[in-house]
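Asker: The structure under discussion is supplied below as structure tokens; questions concerning it will follow.
What follows draws every value from the coordinates through simple rules; no lab data is involved. Owing to the predicted nature of the structure, the values given are computational and were not obtained by experimental measurement. Positions of Cβ are generated from backbone atoms using ideal geometry, with glycine treated the same way; all protein chains shown enter the neighbour counts.
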Amino acid sequence: MVKPDSIALFDSTYATAQDDADKLAGYRDKFAFPVSPRGGRCTYLCGNSLGLMPRHVADVVQQELEDWATLGVAAHFDATVPWFSYHEVFRETGALLVGARPGEVVMMNSLTVNLHLMMASFYRPSGTRFRILMEESAFPSDRYAVASHVQWRGYDPTEAVVVATPAEGDALTIADFERVFSEAGDSLALVLLGGVNFFTGQLYDLQKICEMGHSAGCIVGYDLAHAAGNVPLALHEWGVDFAVWCSYKYLNAGPGAVGGCFVHERYGQDKSIPRLAGWWGNEPATRFQMTPDFQPRAGAEGWQLSNPPILSMAPLRVSLEMFNGAGMRALREKSIRLTGYLASLLGALEFAGVHVTTPGDPAARGCQLSIRLPVGSADVVDALSDRGIVVDYRPPDIVRVAPVPLYNSFNDVLRFVTTLADLLNVDLNGATPR
């Protein structure tokens with residue numbers, strides 16, 4: 001039995017009142033929800049892995065197809081949104097998303113491609129300063145990319161990659177990072193961390209870590225795959241050197257959607273920075289002159305390689321319009337309440353072996369909570385799916401759940417936890433799944 005003072009949390013009256021008062025509730029109907037195996041729409045809590053499709057995307061993509069069909073190559077300049085300058089649509093919206101200035105952000109390629117491009121420019125090992133700092137349980141693609149660059153420069157990854165690990169518990173503290181910088185700072189060339197760790201859901205103190213990295217003489221870059229569109233960012237103000245992210249998770253731009261890249265303006269005017277070049281990074285005025293010499297455009301756009309993938313960029317236009325309409329401040333406020341509600345409900349199940357590994361401080365997390373289930377409950381995720389609740393499972397015992405403020409509700413959260421309790425045979429003293 002749960003404690004009596006926690007029973008009220010499971011009363012649907014509270015969740016419904018919160019949903020009725022939600023100023024962002026209107027965005028929910030702007031998304032298409034998958035259909036549950038038992039009928040009706042799913043309770044979708046997997047935006048940390050793939051965001052839902054905005055309904056208006058179909059219209060926008062169809063317009064691009066029609067422009068292609070009716071204009072052919074002329075659509076580069078005569079399409080509804082001209083293809084030649086398509087990436088410039090995101091000059092303002094992309095900058096607002098991550099707290100940058102116009103010109104510091106470009107939407108291009110995919111996350112790992114952009115990471116390789118950034119490391120080609122900003123990982124500059126020299127003498128005894130050749131190592132790269134990453135966090136424990138960094139996303140595998142980041143680990144592979146870093147190891148390949150280290151090997152490419154002639155170093156052994158087991159020596160050149162420094163991993164920050166928690167002194168205790170699941171979360172990394174500033175003290176943990178201070179310890180690493182104290183021990184290895186003189187050997188570090190680059191700090192490369194996830195803004196929000198994909199596995200634990202921890203949001204790092206990115207400003208403080210950037211300050212520490214610069215004080216140690218390092219370049220500082222971030223993978224914001226789980227941070228962009230999830231938490232407020234201020235990359236320019238913090239002085240971050242570069243950042244990369246995808247747009248298919250919290251940004252809802254579709255599977256394999258175009259990624260994003262930030263380069264601080266202090267580098268944007270420096271055309272001597274080594275880079276892997278491509279013709280779309282050229283100055284627009286000379287791009288079609290096909291000159292033999294590369295003349296990079298100032299700002300992040302100078303790191304572009306190829307002409308933008310129009311059909312992949314179109315969904316991002318729709319999504320970022322919604323983000324701008326809602327505002328990151330309002331989204332963050334709702335997210336703190338929504339994820340806080342989830343944490344409170346799960347707290348009532350701790351006695352049954354349910355343990356949240358994500359930090360309890362709202363300032364140290366985004367939407368996602370990582371939940372360790374009791375031993376022997378791996379089949380719970382399949383049972384949740386059968387009941388129309390979509391979450392993400394990481395073997396052997398972690399479920400990642402992300403109530404996204406743009407399209408998730410308090411009743412979504414309540415339904416997940418009451419269903420989880422039911423599957424774990426926990427008596428909620430009268431509360432029933434919705």
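Asker: Gaussian network model of the chain, Cα springs within a sub-10 Å range: biggest mean-square fluctuation belongs to which of Ser36, Ser187, Ser409?
Answerer: Result: Ser36 has the largest fluctuation of those listed.
Asker: I've got another one for you. Per 0.36 nm of contour for each residue apart, how much would the distance between Trp68 and Asp382 grow if the chain were fully extended, relative to their Cα-Cα spacing? Please list the in-between numbers first.
Answerer: Working: separation 314, 0.36 × 314 = 113.04 nm, distance 4.24 nm.
Going from the current span to full extension adds 108.8 nm.
Asker: Have a look at Leu305, Pro166, Val191 and report the one farthest towards the positive end of the charge dipole of the chain, computed about the Cα centre with Cβ charges (Lys/Arg +1, Asp/Glu -1).
Answerer: Leu305
Asker: Counting only C-alpha contacts under 8 Å and six or more residues apart, can you give the relative contact order of the range 153-294 as a whole percent? Show your work: numbers first, answer last.
Answerer: Values: 157 pairs, mean separation 21.3, N = 142.
Relative contact order for the range 153-294 comes out at 15 percent.
Asker: Right, something else. Springs between alpha-carbon pairs under 10 angstrom, Gaussian network model over the chain: which of Pro315, Pro405, Pro37 fluctuates most?
Answerer: Pro37
Asker: Return one number: the angle in degrees, 0 to 90 and rounded to the nearest 10, between the long axis of the Cα atoms of helix 140-152 and the longest principal axis of the Cα atoms of the chain.
Answerer: 30 degrees
Asker: Still on this model: Over the chain, what is the relative contact order in whole percent, taking alpha-carbon pairs under 8 Å and six or more residues apart?
Answerer: Details: 810 pairs, mean separation 104.3, N = 434.
Result for the chain is 24 percent.
Asker: Could you size up the charge dipole of the range 236-286 around its Cα centre, putting +1 on the beta carbon of Lys and Arg and -1 on that of Asp and Glu, and report it in debye to the nearest 20? All intermediate terms of the calculation are to be shown ahead of the outcome.
Answerer: Numbers: 4 positive and 5 negative charges, 36 e Å.
Its charge dipole is roughly 180 debye.
Asker: Something else: Setting aside same-chain residues fewer than 8 positions from Lys334, which lysines have a Cα under 21 Å from its Cα?
Answerer: Within the straight-line limit of under 21 Å, Lys334 reaches these lysines: Lys23, Lys30, Lys249.
Asker: About the Cα centre of the range 1-88, how large is the charge dipole given +1 on each Lys and Arg Cβ and -1 on each Asp and Glu Cβ? Please answer in debye to the nearest 20.
Answerer: Numbers: 7 positive and 12 negative charges, 97 e Å.
Roughly 460 debye for the range 1-88.
Asker: Moving on to the next point. Measure nothing but the geometry: give the 0 to 90° angle between the long axis through the Cα atoms of 410-423 and the longest principal axis through the Cα atoms of the chain, rounded to 10°.
Answerer: Between helix and principal axis, roughly 60 degrees.
Asker: Taking θ = phi - 60°, what integer Hz values does the Karplus form 6.51 cos²θ - 1.76 cosθ + 1.60 yield along the range 103-115, in sequence order, with x for Gly and Pro?
Answerer: Karplus values, whole Hz, x for Gly and Pro: x, 8, 10, 9, 8, 6, 6, 10, 4, 5, 4, 5, 4.
Asker: Using the Cα centre of the range 61-324 as origin and beta-carbon charges of +1 (Lys, Arg) and -1 (Asp, Glu), tell me which of Thr80, Gln295, Ile132 is placed farthest towards the positive end of the dipole.
Answerer: Going by the Cα projections, it comes out as Gln295.
Asker: Let me ask you something else. Which FRET efficiency value, to the nearest 0.05, is calculated for Asp78 and Leu424 with the Förster distance at 35 angstrom and r the Cβ-Cβ distance? Each step should come with its number before you reach the end.
Answerer: Working: r = 59 Å, r/R0 = 1.70.
That gives a FRET efficiency of 0.05.
Asker: With a 10 Å cut-off between alpha carbons and a GNM built on the chain, which of Gly278, Gly213, Gly195 moves the most?
Answerer: Result: Gly278 has the largest fluctuation of those listed.
Asker: Next question. For the range 26-123, which trypsin sites (Lys or Arg not before Pro) are in a loop by DSSP, counting at most 15 other Cβ atoms within 10 Å? Intermediate results must be reported in sequence, preceding the final value.
Answerer: Working: sites: Arg28, Lys30, Arg38, Arg41, Arg55, Arg91; in loops: Arg38, Arg55.
Hits after loop and neighbour filter: Arg38, Arg55.
Asker: Also, I was wondering about something else. Could you size up the charge dipole of the chain around its Cα centre, putting +1 on the beta carbon of Lys and Arg and -1 on that of Asp and Glu, and report it in debye to the nearest 20? Mind showing how you got there, number by number?
Answerer: Values: 34 positive and 47 negative charges, 76 e Å.
Taking the Cα centre of the chain as origin, the dipole is about 360 debye.
Asker: With unit charges on the beta carbon (Lys/Arg positive, Asp/Glu negative), name the residue among Phe33, Thr112, Val356 whose Cα is farthest towards the positive pole of the charge dipole of the chain.
Answerer: Among Phe33, Thr112, Val356, the one farthest towards the positive end of the dipole of the chain is Phe33.
Asker: Also, quick follow-up: Any idea what diffusion coefficient the range 61-324 gets from Stokes-Einstein, in µm²/s, Kirkwood Rh on alpha carbon pairs, 37 °C, 0.692 mPa s? Each step should come with its number before you reach the end.
Answerer: On the way: Rh = 19.1 Å.
Answer, rounded: 172 µm²/s.
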